[in-house]
1. Which values, in whole Å and largest first, are the semi-axes of the equivalent ellipsoid of segment 133-181 obtained as the square root of 5 times each eigenvalue of the Cα gyration tensor?
2. Quick check: pseudo-label points 7 Å beyond the Cα along Cα→Cβ at residue 28 and residue 82, how many nm apart are they?
3. Rg(Cα) of segment 1-156 divided by 2.2 N^0.38 Å?
4. Under 15 Å from a point placed 7 Å out from the Cα of residue 154 along the Cα-to-Cβ direction: which residues of segment 3-27 have their backbone N that close?
5. Mind sorting 190, 33, 98 by how few other Cβ atoms lie within 10 Å of their own Cβ, fewest first?
6. What is the fewest-to-most order of 235, 217, 285 by other Cβ atoms lying within 10 Å of their Cβ?
7. Run through the DSSP bridge list for the chain and note the antiparallel percent, rounded to the nearest 5.
8. Return one number: the angle in degrees, 0 to 90 and rounded to the nearest 10, between the long axis of the Cα atoms of helix 29-43 and the longest principal axis of the Cα atoms of the chain.
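Every number in this text was worked out from the coordinates using simple rules, so none of it is lab data. Quick caveat: nothing in here was measured; it's all calculated off a predicted structure. Don't worry about glycine lacking a Cβ; one is built from the backbone with ideal geometry, like all the others, and counts go over all protein chains shown.
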């Protein structure tokens, strides 16, 4: 039994076809078929039923595939361990963080990492929507800190580190109806909803918590969004840590809106399973989340 046989098996199951597996592994379809046939002959098991258009795992194949997946994950872990053992300090390390995240809890981890590894250039990227995971999967970030929305969990190791609360707010200057009752979408349609543009591509633009039929302005980042809302030009959701002082002083009012609930989102640190993490990145990974408030 060989590693490339298990990789071919995993690729066929993941893509659904021998052709898809061949494209993923940069091999010919006939080579993939031959590899699987050799594995089946060695095991004396039929792993795939080839009666249908798409290959389907046999009952024995399903059991074998589960164990093979576990072995492949272990082998990836061993490769990462070996890479760390032979690695030197990285010249550069990039951390992609959701802009909704409060940076204050992250700063001690960054400070200590920078102190211990002054030769490593630390890059901190604040990203919107699916930006952090997009940078991670593009290979432009070593670690991402964001929610799990749109994250390919089979390809990413993730651990929770904090929670962010997004609350709809508006300036008193917007003159919204007062009282405890929830404001309806129709009541809000004449008021501009301010949203921040995503940095993860079209697939990650804001889609939830958008009031249907309403006016909308899009700004580049959360700092601009907050300024527009404070100026009374619209309303929108902002992280609690960004509006705590303004809500306390009355400069911003929390809103009770139908279709825009108070949203609590768990934030995770993430790194790719298939990418060897360097010495400095591994230290930073272990520090992120330590003593961070939920």
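1. After diagonalising the Cα gyration tensor, the semi-axes are 37, 13, 9 Å.
2. Modelled inter-label distance: 2.9 nm.
3. Taking N as the residue count of segment 1-156, the ratio is 1.37.
4. What the label zone holds, given the 15 Å backbone N cut-off, is 6-25.
5. 190, 33, 98
6. In order of increasing Cβ crowding within 10 Å: 217, 285, 235.
7. Of the beta bridges lying entirely in the chain, close to 60 percent run antiparallel.
8. 70 degrees
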